[in-house]
Amino acid sequence: MKDPVLHKKFIFNDNIDSSFLFSLYEDDFQYMEEIFKTTLDQLDQEIPGISTAFNDKDITGLQKIVHKIKPAFGFTGFLSTELACKEFEDACIEVSRIDELAPLFHSLWTLLLKSIDIMHQQYDLLKEFNNQ
Amino acid sequence: MILSAVIVEDLQVAADYLHRCCQKSGLLEVKGHFPNVEEALLYLNQQSVDLLFLDVEMPGASGFELLDRLAYSPKVILTTSKTEYAYNAFEYNVGDFLKKPFTYQRFIEAVQKVTAPTPENNVSSTATDHIFIKTDGKLIRLNNSDILFIESMGDYVKFVSADKKYITHNTIKNLEEKVNRQCFLKTHRSYIINVDKIDDIRENLLFIKGNEIPISKAHRSEVLRRLNII
């Protein structure tokens, strides 16, 4: 029989809104593991495009990639990262030159890398948890 | 009844989640997932489906361009992370709008909303020589032969005859299923015309008694097919 308080046994990193994750997936940790894996695979493909677009001064391209990956952070509970993507996306529409975006871009870039790093750790921990 | 659905979405995790929601609901069978408009159109113009889960911003063409180019009108639920598309969604008669990420409960609400039986919406008829429309608190009979065309006005439609215009609460999408298809033809998401009333056609426009009616790319081949061209 399913343990109704099972989710209390897995403690998510503080950067992840666990209540939001449970509202999406209830306590299906196998599925959460799949979600983290799928997200990491896609982010691995998309993230290099962000720095390429910035270096190429391609504001539209940059806005499109950030728009695309934004909900991926939502699906994995990184709501503050998702919000930062939204703010950056809005800023892309407002500016005319890429250098106007530079401070915001570097701050977003740091946050993205940190979030992905935590996502990798959480994925490994979920995998371990599900194999117990 | 289980409805057929297609997912058009470039973010894999969102597509997988949608697929799972569809399976869990027991209401929908997912016929396919496509990461862009071109691949989706290849399938959708061969196989009709009941419901489309459609992202807006994708590589290449947008979700709205897909709706412009699709030769029929399935029910549509937009899945996007931008609420700014709500106005366009209204313009395209989209059934509901899911902001990613969404809960299963919200998903079910959207599906129930778009699959609920359509009310009679103030028009009664089928394949007869007339229709009745409810306007100004009464039912008015309009003979098919008197109607020049029908134009969308958001939640309302305008029936245009040679000497009068009648406005009633309805949608082109709903009327498309109700009017006599031998007489009427959809030329654009906002227009249904009486085929017998066409005066002339110039590129992407047709003219009826001085009224200019657009023909969308999606409907052009069907318009040409219905004309008696010799």
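The values are calculated or read from the model by the stated rules, or taken from the named source; none is laboratory data. Please read these numbers as outputs of a predicted model, since none were measured by experiment. Ideal geometry is used to build each Cβ from the backbone, glycine not excepted, and the neighbour counts take in all protein chains shown. With ligands, DNA and RNA removed, areas are computed over all heavy atoms of the protein, side chains included. Shrake-Rupley method; radii C 1.70, N 1.55, O 1.52, S 1.80 Å.
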Of all residues in region A:28-44 being more than 10 Å from chain B (Cβ to nearest Cβ) and touching a helix residue (DSSP H, G or I) at 6+ places or on another chain (Cβ under 8 Å), the one that is most open to solvent (accessible area, probe 1.4 Å)
A:Gln30
Candidate set: region B:157-187, residues that are open to solvent by less than 50 Å² (accessible area, probe 1.4 Å) and of a type in the set (S, T, N, Q); chosen: the one nearest to B:Pro74 (Cα to Cα)
B:Asn174
Picking from A:Lys68, A:Lys86, A:Lys64, A:Lys57, the residue that is within 20 Å of B:Tyr17 (Cα to Cα), touching a helix residue (DSSP H, G or I) at 6+ places or on another chain (Cβ under 9 Å) and open to solvent by 10 Å² or more (accessible area, probe 1.4 Å) would be A:Lys68
Any pair with Cβ under 9 angstrom, 6 or more apart, that starts in region B:65-76 at a residue that is among the polar types (S, T, N, Q) and ends at one that is open to solvent by 60 Å² or more (accessible area, probe 1.4 Å) and assigned to a loop (DSSP other than H, G, I, E, B)
B:Ser73/B:Arg189
Could you please let me know if B:Leu54 is open to solvent by less than 40 Å² (accessible area, probe 1.4 Å) and within 14 Å of chain A (Cβ to nearest Cβ)?
no
Residue check, A:Tyr25 against (1) surrounded by 16 or more Cβ atoms within 10 Å (Cβ to Cβ); (2) touching a residue at least 12 places away in the same chain (Cβ under 8 Å), all met but one. Which one?
(2)
Log entry, pairs with first residue in region A:82-100 being under 21 Å from A:Ile116 (Cβ atoms), second being open to solvent by less than 90 Å² (accessible area, probe 1.4 Å) and not in a helix (DSSP H, G or I), beta carbons closer than 8 Å, six or more apart or on different chains, reads A:Lys86/B:Ser81
Residue list for region A:61-81, restricted to those being under 14 Å from B:Met58 (Cα atoms) and within 11 Å of chain B (Cβ to nearest Cβ)
A:Gly61, A:Gln63, A:Lys64, A:Ile65, A:Val66, A:His67, A:Lys68, A:Ile69, A:Lys70, A:Pro71
Given B:Gln47, B:Gln105, which one is within 11 Å of chain A (Cβ to nearest Cβ) and open to solvent by 60 Å² or more (accessible area, probe 1.4 Å)?
B:Gln105
Quickly run through region B:14-34 and pick out the residues that are open to solvent by 50 Å² or more (accessible area, probe 1.4 Å) and under 20 Å from B:Thr80 (Cα atoms).
B:Asp16, B:His19, B:Arg20, B:His33
Evaluate region A:90-107: report whether one residue or more is within 14 Å of another protein chain (Cβ to nearest Cβ), open to solvent by less than 40 Å² (accessible area, probe 1.4 Å) and within 23 Å of B:Pro35 (Cα to Cα).
no
Collect the residues in region B:188-225 that are open to solvent by 20 Å² or more (accessible area, probe 1.4 Å) and in a strand (DSSP E or B), keeping them in residue-number order.
B:His188, B:Tyr191, B:Asp200, B:Ile201, B:Arg202, B:Leu205, B:Phe207, B:Asn211, B:Glu212, B:Pro214
Residue check: is A:Phe129 away from chain B (no Cβ under 14 Å), of a type outside the set (D, E, K, R) and open to solvent by less than 10 Å² (accessible area, probe 1.4 Å)?
no
Can A:Phe12 be described as in a loop (DSSP other than H, G, I, E, B), away from chain B (no Cβ under 11 Å) and open to solvent by less than 40 Å² (accessible area, probe 1.4 Å)?
yes
If you go through region B:180-187 one residue at a time, do you hit one that is in a loop (DSSP other than H, G, I, E, B), of a type in the set (Ser, Thr, Tyr) and modelled with pLDDT of 85 or more?
no
Going by what's in this entry, would A:Ile47 be described as out of contact with any Gly (no Cβ under 9 Å at 6 or more places or on another chain), assigned to a helix (DSSP H, G or I) and open to solvent by 70 Å² or more (accessible area, probe 1.4 Å)?
no
